[in-house]
Amino acid sequence: MANEKELDVRMDVEHLYQEEVFTDRSVGTIQRLTPVTRDGGPDQTRPVLYVGQTQILTPMGTLPVSFEIEAKSLREAAEKFGDGAKASIEQTMKRLEELRREAASSIVLPGSSGAIPGGLPGGGKLRMP
């Protein structure tokens, strides 16, 4: 049973943002997150944030990639989009390769499923004497 803290899904009214989405309809989107007060007015005490989003094609299908862009304007965010996307994709591909290596190096014992501790009844057909 989950504890009550895990089920607390209230929004933080002190950290609200208005979201705008811009796209070139080709390589991705840029979200401009403008800070607002709890009443929806502009919050000048916090900076505007920019988040780039694109996707890559993998053997398992498309994989969304999101990354923050350090920028002071939409124009600057658009100019930095490519470098941010490239770095994020490289990091994602490295992580996927690590996960693939970990899965490939898992030792599966005869008589166990390998994925579930203790295995399921039946298991493999190869038996060690």
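The values are calculated or read from the model by the stated rules, or taken from the named source; none is laboratory data. Keep in mind the model is a prediction, meaning the values are calculated, not measured. With ideal geometry, Cβ positions are generated from the backbone for all residues, glycine too; neighbour counts draw on all protein chains shown.
Condition test on Gly52, is it of a type in the set (Gly, Ala, Ser), in contact with a helix residue (DSSP H, G or I) (Cβ under 6 Å, 6 or more places away or on another chain) and closer than 30 Å to Leu99 by Cα?
In short, yes.
Within region 25-55, if we keep just the residues that are out of contact with any strand residue (DSSP E or B) (no Cβ under 9 Å at 6 or more places or on another chain) and of a type in the set (D, E, K, R), the residue that is surrounded by the fewest Cβ atoms within 10 Å (Cβ to Cβ) turns out to be Arg25.
If you check every pair at least six apart or on different chains, which have Cβ atoms under 9 Å apart with a residue in region 75-86 that is under 16 Å from Val48 (Cβ atoms) and modelled with pLDDT of 95 or more first and a residue that is polar (S, T, N, Q) and not in a helix (DSSP H, G or I) second? Taking only residues 6 or more apart or on different chains, the pairs are Phe81/Thr54. Do you know which residues across region 70-87 are within 17 Å of Ser26 (Cβ to Cβ) and touching a strand residue (DSSP E or B) at 6+ places or on another chain (Cβ under 8 Å)? Leu74, Ala77, Ala78, Lys80, Phe81, Gly84, Ala85 - these are the residues of region 70-87 that are within 17 Å of Ser26 (Cβ to Cβ) and touching a strand residue (DSSP E or B) at 6+ places or on another chain (Cβ under 8 Å).
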